[in-house]
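Here the structure comes first, spelled out in structure tokens, and everything after it is commentary.
The values are calculated or read from the model by the stated rules, or taken from the named source; none is laboratory data. Everything numeric here is computed off the predicted structure, so don't read it as measured data. For neighbour counting, all protein chains shown are included, and Cβ atoms are generated from backbone atoms with ideal geometry for every residue, glycine included. Please note that ligands, DNA and RNA were not included when accessible areas were found on the heavy atoms of the full protein model with its side chains. Shrake-Rupley method; radii C 1.70, N 1.55, O 1.52, S 1.80 Å.
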Amino acid sequence: MFTLSNLPFGPNALEPYISARTLEFHYGKHHQAYVDNLNKLIAGTSWESMSLEDIIKGVAGQADQAAIFNNAAQVYNHDFFWQSLRPVSETMAPQGKLLVALETSFGSLDKFYEEFKAAALSQFGSGWAWLVKEGEGLKIVKTANADTPMAHDGQALLALDVWEHAYYLDYQNRRGDFIEAIIKNLLNWDFANHNFESYV
Ligand code: MN3
């Protein structure tokens, strides 16, 4: 049985960029539903005793296991997304080796922000934008629906949810404003740095 992970911040911590009401639905309803659906789908199967990562890698690419993949990957992606955000009160910027890697891979930090926004904005329909480590460098990856770099052995540092449910209550159709607000105010660079150091 999987349970909904606790949010790493309080319900108002992301305001005014992500409202408590959005979290109430996005975390409390959508994320919870992925956990509940996954538990129902794996009940009584051999997946029941496995880790989330093993389930996702085990069913990836199998058409008859798509429901398990979608729900398991969405649980994983949302856990990753909440950790990719920091409270508004915590000022943070990329530093050290991660900053060097960003500058080397994208030219400058501003150029990274620009490319990350463009990727997130151009993901057609539901999906995700990711900052991923590749060798000693970094790249930006888009995934559709529930797909996740981890399923393809990608080494994710940060995730950005661009499903409409992530922003519609606060921004309606203005996905670009939502992305901009997150990039400028909410990215958790400590989490990205921790991930960057953890991949060998
Ligand atoms: Mn979501």
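In debye, nearest 20: dipole of the range 13-59 around its Cα centre with unit charges on the Cβ of K, R (+) and D, E (-)?
The dipole magnitude comes to about 140 debye.
Can you list the residues, at least 5 places off or on another chain, whose amide H is less than 5 Å from the amide H of SER84, using H built in the peptide plane?
Residues meeting the criterion, in which the H sits 1.01 Å from N, are ALA159.
Take each of the peptides 47-55, 174-182, average the number of other beta-carbon atoms within 10 Å over its residues, and list them starting from the highest.
174-182, 47-55
For the range 163-178, take each phi angle, set θ = phi - 60°, evaluate the Karplus expression 6.51 cos²θ - 1.76 cosθ + 1.60, and give the result in whole Hz per residue in order, putting x for glycine and proline.
Whole-Hz 3J(HN,Hα) from phi for the range 163-178: 5, 4, 5, 6, 9, 4, 5, 8, 10, 6, 8, 8, 4, x, 5, 4.
Once the dipole of the range 18-200 is set up with Lys and Arg at +1 and Asp and Glu at -1 on Cβ about the Cα centre, which of GLN172, VAL141, SER108 lies farthest towards its positive end?
Highest projection toward the positive end goes to GLN172.
Residue by residue through the range 84-96, which ³J(HN,Hα) values in whole Hz follow from phi under the Karplus form 6.51 cos²θ - 1.76 cosθ + 1.60 (θ = phi - 60°), with glycine and proline marked x?
3J(HN,Hα) across the range 84-96, in whole Hz: 6, 10, 10, x, 4, 5, 9, 6, 7, 9, x, 9, x.
Let me understand the range 140-200 better: what is its radius of gyration from the alpha carbons, and its Dmax, in angstrom?
According to the Cα coordinates of the range 140-200, Rg and Dmax are 13.2, 40 Å.
List the residues whose amide H sits under 5 Å from the amide H of GLN155, counting only those 5 or more places along or on another chain, with H placed 1.01 Å from N in the peptide plane.
LYS133
Keeping all protein chains in place, calculate the accessible area per residue for the chain (probe 1.4 angstrom), answer in Å².
Numbers: 9560 Å² over 200 residues.
Accessible area per residue: 48 Å².
Looking at PRO94, ALA60, ILE18, which one has the Cα that reaches farthest to the positive end of the dipole of the range 18-200 (charges on Cβ: Lys, Arg +1; Asp, Glu -1)?
Among PRO94, ALA60, ILE18, the one farthest towards the positive end of the dipole of the range 18-200 is ILE18.
So what's the Cα pair-distance distribution over the chain, bin width 5 Å, in %?
1, 8, 16, 20, 20, 17, 11, 5, 2, 0, 0
With a 1.4 Å probe and every protein chain kept in, tell me what percent of the accessible surface of the chain is carbon plus sulfur.
On the chain, the fraction of accessible area on carbon and sulfur atoms equals 51 percent.
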